[in-house]
Amino acid sequence: MLTVAVLISGAGSNLRALLEAARHPDFPARVVVVGADREADGLAHAEEFGIPSFTVPWHEHESREAWGEELGRQLAVWTPDLVVLSGLMRLLPSSLVAAYAPRIINTHPAYLPEFPGAHGVRDALAAGVRETGASVIVVDDGVDTGPVLAQERVPIRADDTEHTLHERIKPVERRLLIDVVRRIATGDLSLTSAP
Ligand code: GAR
């Protein structure tokens, strides 16, 4: 059974979808802990599912490295096989990436390498393109630059707002994320040989 730690910053709707999938006895992975960089609303999902959680507040640390060290200490308690960044809106320090690489994956609401960064949905709308997408990638030291594990296109409608477009992308992200976690757990997808 693959053990998974999930890190969030926000509402945690993708986390919730993973928790629901992992509750199924046939699902080959279990979420063992949820961590956040703030008092994220999504921590309530962990509580509801009886999953332990922790918070390492970004603003209580003097540097990214100090924050990352504490995050690493908290994660190490759970010895997760896989770390999923599911809406964590912070870059991990390279020391923490190195500690888990390539076993850290990230969901992103755009068709990478298009529109990386914190505003993937907004940036796609601003660019005036007709389609964007959702991606699941391996985390490396860059901003959304790691190998793509799964991605899918999502059309943009003329009347889309950032909210409506993001709400259409999220179900695609969830499906891709759950499928990637399942394939990693069953050995169908190897992170070490990701392109
Ligand atoms: C998701 O769309 C995720 O891909 C995005 O934040 C959202 C979190 O939603 N992450 C990024 O943009 C990272 N660059 P959620 O908290 O409801 O799951």
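Pick out the one residue from Asp141, Asp123 that is over 12 Å from the mean Cα position of the chain (by Cα) and in contact (Cβ under 8 Å) with a residue 24 or more places away in the chain.
Just one listed residue meets the conditions, Asp141.
Give the residues of the stretch 121-133 that are surrounded by fewer than 18 Cβ atoms within 10 Å (Cβ to Cβ) and either on the phi > 0 side of the Ramachandran plot or small (Gly, Ala, Ser) (or both), sorted by residue number.
Residues satisfying the conditions are Ala126, Ala127, Gly128.
Please go through the stretch 18-36 and pick out each residue that is touching a Pro at 6+ places or on another chain (Cβ under 7 Å) and within 19 Å of Trp67 (Cβ to Cβ).
Val33
Quick check on Ala118: is it surrounded by fewer than 21 Cβ atoms within 10 Å (Cβ to Cβ) and closer than 19 Å to Ser13 by Cβ?
yes
Sort through Ile184, Ile178 and tell me the only one that's assigned to a helix (DSSP H, G or I), away from the ligand (no atom under 13 Å from the Cβ) and surrounded by 17 or more Cβ atoms within 10 Å (Cβ to Cβ).
Step by step, each of Ile184, Ile178 is checked, and only Ile184 is assigned to a helix (DSSP H, G or I), away from the ligand (no atom under 13 Å from the Cβ) and surrounded by 17 or more Cβ atoms within 10 Å (Cβ to Cβ).
What is the number of the single condition among (1) free of Cβ contacts under 8 Å to residues at least 12 places away in the same chain; (2) away from the ligand (no atom under 11 Å from the Cβ) that Arg153 does not meet?
(1)
For the condition within 20 Å of Leu85 (Cα to Cα) and loosely packed, with under 13 Cβ neighbours inside 10 Å, what is the one hit in Val172, Val148, Val136, Val143?
The conditions single out Val143.
The numbers here are math on the coordinates, done by the rules we state, and not lab data. Source: prediction; values computed, not measured. Neighbour counts run over all protein chains shown; Cβ positions are idealised from the backbone, glycine included.
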